[in-house]
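The values are calculated or read from the model by the stated rules, or taken from the named source; none is laboratory data. Being a predicted model, the structure only gives us computed values, none of them experimental. When we count neighbours, we look across all protein chains shown, and the Cβ atoms used for this are built from the backbone with ideal geometry, even at glycine.
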Amino acid sequence: MLGQYLPVESAIHRLDPRAKLLSTFLLIAAVMAGGWAGMAIGGLITAAGVMAARLPLGVLWRQVRLLGLIILASVLVQILFTPGDVVLSAGPVKVTVQGLVSGVTLLIKILLVVLTGIILTSTTTSLRLASGIELLLKPLGRLGIPVHEIVMALSIAIRFIPVITEEAQHIINAQLSRGVAFYGPGLGRRAKAVISLVVPLLTGVLRRSDDLATAMEARCYRGGAGRTRMHAMVFKRADVMCLLMTGTSLVAAVLLRVTLGL
């Protein structure tokens with residue numbers, strides 16, 4: 001699933017999470033703000049990142065496929081509802097040259113953004129990712145914003161995603177063994193089947209949340225005040241090089257778009 005950490009020894013895994021977060025945002029900005037040149041630059045860097053992170057192509061495909069319907073719907077909207085020179089017409093449905101170009105452009109950009117996010121989450125544990133976000137947002141603490149608490153809640157939410165997914169699958173299997181028709185005909189039967197899933201799933205989530213709260217209280221968790229870190233995060237040469245590469249890609253993409261229209 002998207003966001004699952006893959007424990008592989010690679011150069012990308014060893015990067016500081018802050019460098020990976022900033023580089024991800026810079027690369028996404030280069031892809032979205034630039035034209036075809038920006039997409040080409042982003043594609044090359046993304047491909048290099050996949051190889052450097054040693055991520056299996058099968059895993060990437062399975063994670064991208066989870067968003068297949070959303071990607072397909074977004075592309076179809078661009079193709080069918082963009083005005084321009086009509087190349088194909090079937091009743092009220094018209095496909096234009098501009099729509100095809102816009103659809104292909106959107107498809108490439110979405111895929112690059114998704115792949116960039118997969119590289120980030122597949123090479124960084126949720127704990128290190130949360131720590132990196134907290135350190136990047138630490139200056140906001142001077143404004144009275146509870147950065148640590150917000151990041152902690154975000155980290156817990158991310159950790160609960162695979163737990164909830166697994167528990168939902170267990171409940172579905174149990175209900176199917178009892179004859180519940182999740183995929184059968186009839187809207188009423190499906191509604192009852194969904195209720196038979198939602199109620200025990202919600203109960204299980206509340207129970208796990210209560211257990212987690214009890215465990216945190218037992219360990220005297222009191223928020224971010226006075227907390228220290230076991231492993232200090234320090235920017236290294238590789239982190240700086242990563243930021244320089246993605247930052248340069250953003251500048252190059254914008255300049256090529258503005259000056260040459262690429």
Residue count for the range 141-157, restricted to those that are surrounded by 13 or more Cβ atoms within 10 Å (Cβ to Cβ) and in a helix (DSSP H, G or I): 9
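Among the candidates ARG207, ARG190, which residue alone is out of contact with any Leu (no Cβ under 7 Å at 6 or more places or on another chain), at pLDDT 70 or above and among the basic types (Lys, Arg)?
Numbers: ARG190 fails: at pLDDT 70 or above.
Within the list ARG207, ARG190, the selection yields ARG207.
Could you list all residues from the range 9-58 that are aliphatic (A, V, I, L, M), touching a residue at least 60 places away in the same chain (Cβ under 8 Å) and within 14 Å of ILE110 (Cα to Cα)?
Going through the range 9-58, the residues aliphatic (A, V, I, L, M) turn out to be 11-12, 15, 19, 21-22, 26-33, 37, 39-41, 44-45, 47-48, 50-53, 55, 57.
Still in the list and also touching a residue at least 60 places away in the same chain (Cβ under 8 Å): 11-12, 15, 19, 21-22, 26-33, 37, 39, 41, 45, 50, 53, 55.
Of everything in the range 9-58, those that are aliphatic (A, V, I, L, M), touching a residue at least 60 places away in the same chain (Cβ under 8 Å) and within 14 Å of ILE110 (Cα to Cα) turn out to be LEU27, ILE28, ALA29, ALA30, VAL31, MET32, ALA33, MET39.
Quick grid of which residues meet (1) aromatic (Phe, Trp, Tyr); (2) surrounded by fewer than 21 Cβ atoms within 10 Å (Cβ to Cβ); (3) in contact with a helix residue (DSSP H, G or I) (Cβ under 6 Å, 6 or more places away or on another chain):
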| position | (1), (2), (3) |
| --- | --- |
| ALA29 | no, yes, yes |
| TRP36 | yes, yes, no |
| VAL50 | no, yes, no |
| ARG54 | no, yes, no |
| ILE71 | no, yes, yes |
| ALA90 | no, yes, no |
| VAL104 | no, yes, no |
| ILE108 | no, yes, yes |
| LEU129 | no, no, yes |
Boolean, VAL240 is at pLDDT 85 or above and either in contact with a His (Cβ under 6 Å, 6 or more places away or on another chain) or surrounded by 10 or more Cβ atoms within 10 Å (Cβ to Cβ) (or both): yes
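Check LEU129, LEU88, LEU55 and return the single one that is part of a helix (DSSP H, G or I) and not basic (Lys, Arg). Please lay out each step first, then the result.
Values: LEU88 fails: part of a helix (DSSP H, G or I); LEU55 fails: part of a helix (DSSP H, G or I).
Of LEU129, LEU88, LEU55, the one residue that is part of a helix (DSSP H, G or I) and not basic (Lys, Arg) is LEU129.
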